[in-house]
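Where a number appears in this text, it was derived from the coordinates with a stated rule and is not lab data. Bear in mind the structure is a predicted one, so any value in this text is a computation, not a measurement. Note that we place each Cβ from the backbone using ideal geometry, even for glycine, and neighbour counts take in every protein chain shown.
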Protein chains: 2
Amino acid sequence: MAPSPREASPKLSQAMDDCRDRVNKTISSLLPPTDLVEAKLFDAMRYAALGGGKRLRPFMVMEGARVFGVDAGRARRVAAAAEFVHCYSLAHDDLPAMDNSDLRRGKPSLHKQYDDATALLAGDALLTLAFEVLADPETHEDPRVRVELIASLAGAVGMHGMVGGQMLDLIGEKQEFDVGTISRMQRMKTGKLIAFCCEAGAILGKANPAHRQSLRNYAHDLGLAFQVTDDLLDVESNVHELGKPVNQDGKKSTFVSAMGREQARTRAQMLVDQSISHLRVFDEGRVDLLKDLARYVLERRV
Amino acid sequence: MAPSPREASPKLSQAMDDCRDRVNKTISSLLPPTDLVEAKLFDAMRYAALGGGKRLRPFMVMEGARVFGVDAGRARRVAAAAEFVHCYSLAHDDLPAMDNSDLRRGKPSLHKQYDDATALLAGDALLTLAFEVLADPETHEDPRVRVELIASLAGAVGMHGMVGGQMLDLIGEKQEFDVGTISRMQRMKTGKLIAFCCEAGAILGKANPAHRQSLRNYAHDLGLAFQVTDDLLDVESNVHELGKPVNQDGKKSTFVSAMGREQARTRAQMLVDQSISHLRVFDEGRVDLLKDLARYVLERRV
């Protein structure tokens with residue numbers, strides 16, 4: 001029987017599950033349990049970082065690393081660092097000061113489970129831990145590689161990346177953006193971290209610039225496709241499927257609000273085709289799952 | 001006329017002012033003005049990072065660097081990074097979720113000047129920028145040095161450092177700590193970042209381990225002295241002198257609440273003497289201002 005068109009292929013599904021379990025183990029080992037007085041902070045970090053989720057970003061890191069034959073143990077540390085950053089951004093995003101979301105991945109969001117102060121601090125600590133993990137010699141023996149990973153991640157998630165995109169998102173609640181500004185916002189908000197995840201394997205594997213650029217192009221298009229489908233899911237899903245409040249973007253500038261559902265879906269399809277085409281420079285066997293992943297982004301339900 | 005016993009010596013005072021002005025220029029150059037839609041984020045970062053303050057931490061970086069003959073331009077980048085981290089922690093600390101402080105350095109705190117969401121994001125961006133600045137080759141040509149700075153800073157300000165200390169601080173509002181736990185909390189909350197600042201020059205200058213340890217010991221004792229005098233100032237000052245709300249620590253576990261004002265002052269004096277004694281391995285001419293700084297920490301009004 002052919003797989004449902006809206007689900008990941010069995011092979012991709014299996015690979016993503018395996019990746020999630022292994023990366024979760026790495027994440028868990030980097031957040032050891034503690035009986036210190038401040039254990040609540042560690043508990044909150046674990047809750048934020050191990051609370052479920054598909055682990056799309058770690059999967060991109062692991063598959064990008066596979067393209068260049070990078071040791072999986074090292075790649076998993078980078079995957080964990082990327083996930084720490086993603087989870088910190090969700091924790092801060094959900095705070096009353098920002099989106100005030102009570103639900104995340106079908107469970108109480110971090111500040112509902114603990115409290116606002118703990119969620120704020122756990123986010124801060126996760127971001128810091130990401131850089132600490134990357135700076136550790138266990139991630140790579142060459143300090144040049146480690147510092148390049150750090151520079152790339154910081155550039156992707158700071159004022160010119162994710163955080164700048166979140167600022168744009170807030171501004172977009174009160175002011176209508178054109179498609180160009182929405183594209184820039186989404187590229188900053190989610191695209192740059194996704195690009196880092198795909199590129200990290202090339203950095204770890206000291207890939208040649210052309211190969212690195214191909215993966216970056218793949219990531220760029222995939223990231224935008226991801227965001228367009230995210231906007232579509234927000235208007236098309238129900239809360240049970242998505243595990244977080246839906247129609248949150250009602251007043252926000254999104255691709256769907258700017259170009260309508262039909263055009264948004266066409267655009268997502270085009271972006272996915274384009275992202276896959278960037279992978280043609282690689283051996284088919286090394287990028288098959290990255291291609292499947294691109295198709296899945298288009299067809300996912302959550 | 002002899003200087004007032006509660007003020008910095010003219011020489012120290014002049015050196016601190018010069019350092020502040022130069023580091024402020026570096027900070028300003030790292031936060032360029034922008035006409036982008038998200039300029040509010042950059043403005044808020046500038047407000048948080050250039051809103052006054054004595055620049056004690058940058059001064060420690062610069063003086064520590066001077067001990068080892070490190071280029072001042074490089075040291076200033078590290079000084080700026082340390083100040084970014086300090087300012088991010090103040091911005092998040094002042095949020096309603098944490099201390100809910102309306103005043104900082106005699107002016108509206110960041111979230112009062114902007115809004116909670118912007119203050120949260122500006123803090124996140126400042127923390128990220130600190131690591132980005134350290135990872136940049138302009139900070140040092142040797143990636144080994146850059147990655148060591150990053151690892152040290154991340155270790156100092158994450159879950160086992162500053163953020164962990166802030167968690168302890170929150171817990172200490174509801175639970176009485178003994179002097180041992182208060183010491184650990186303060187070492188984490190402020191001591192470790194101060195130690196990083198003092199040690200950074202040794203990392204930049206590739207100092208031998210013994211010299212590095214001496215500076216670390218100086219910083220350790222100075223950091224604790226700083227915290228004890230901070231607790232004393234909180235009960236002894238008025239809001240006009242301190243530029244932030246006083247007696248905020250009323251219900252918190254502090255050195256003063258644990259050992260009383262008299263014993264706290266004696267302890268601060270002892271720690272300052274001890275910190276100065278660690279500097280005896282260096283040429284007098286290179287550490288004179290670090291010694292003056294230690295005495296100033298004891299005698300400061302703000």
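Miscellaneous remarks
- For chain B, modelled as a GNM whose springs connect Cα atoms under 10 angstrom apart, the maximal fluctuation among B:GLU38, B:GLU141, B:GLU284 occurs at B:GLU38.
- Per-copy distances of the B:GLU236 label point, shortest first, in nm (7 angstrom along Cα→Cβ): 6.8
- Between segment A:167-231 and segment A:51-106, the alpha-carbon centres lie 15 Å apart.
- Here the 3J(HN,Hα) profile of segment A:146-161, calculated from phi with Karplus coefficients 6.51, -1.76 and 1.60 at θ = phi - 60°, is 4, 6, 6, 4, 5, 4, 5, 5, 4, x, 6, 10, x, 5, 9, x Hz, Gly and Pro shown as x.
- Checking the Cα-Cα distances for A:LYS25/A:LYS54; B:LYS11/B:LYS206; B:LYS11/B:LYS54; B:LYS40/B:LYS112 against a 21 Å cut-off, the pairs over it are B:LYS11/B:LYS206.
- The order of A:HIS92, A:HIS211, going from fewest to most other C-beta atoms within 10 Å of their C-beta, is A:HIS211, A:HIS92.
- Magnitude of the charge dipole, chain B, Cβ model with Lys/Arg +1 and Asp/Glu -1, debye to 20: 560
- Between copies, B:PRO108 shows label-point distances of 3.4 nm, shortest first, with the point placed 7 angstrom from Cα along Cα to C-beta.
- Over chain B: helical MRE at 222 nm, DSSP H runs n ≥ 4 each giving -39500 (n - 2.57), nearest 500: -22500 deg cm²/dmol
- The protein assembly as shown shape via C-alpha gyration tensor axes, a/c threshold 1.5: prolate
- Measuring nothing but how far apart in sequence close Cα pairs (under 8 Å, 6+ apart) lie, relative to its length, chain B scores a relative contact order of 21 percent.
- Karplus-derived 3J(HN,Hα) values for segment B:280-287, using 6.51 cos²θ - 1.76 cosθ + 1.60 with θ = phi - 60°, are 5, 6, 9, 4, 3, x, 8, 10 Hz; glycine and proline are entered as x.
- Rounded to whole Hz, the Karplus (6.51, -1.76, 1.60) HN-Hα couplings of segment B:81-92, x for glycine and proline: 4, 4, 5, 4, 5, 4, 5, 4, 5, 5, 4, 6
- Note on segment B:10-297: dipole from Cβ charges, positive end direction compared against B:SER275, B:PHE59, B:MET45; the farthest Cα belongs to B:SER275.
- Under 12 Å, Cβ to Cβ, from B:MET45 - net charge with Lys/Arg +1 and Asp/Glu -1: -2
- Across identical copies of the chain, A:ARG144 has label-point separations of 1.4 nm, listed in ascending order, with the point defined 7 angstrom from Cα along Cα→Cβ.
- 5 angstrom amide H check on A:ARG104, placed H, neighbours 5+ away: A:SER109
- Taking 0.36 nm per residue of separation and subtracting the Cα-Cα distance, full extension of the segment from B:SER237 to B:ASP178 would add 18.8 nm.
- Gyration tensor verdict on chain B (Cα atoms; rounded if a/c is under 1.5, prolate if a/b is larger than b/c, oblate otherwise): rounded
- For chain A, built as a Gaussian network whose Cα springs stay under 10 Å, the top-fluctuating residue of A:LEU126, A:LEU204, A:LEU31: A:LEU31
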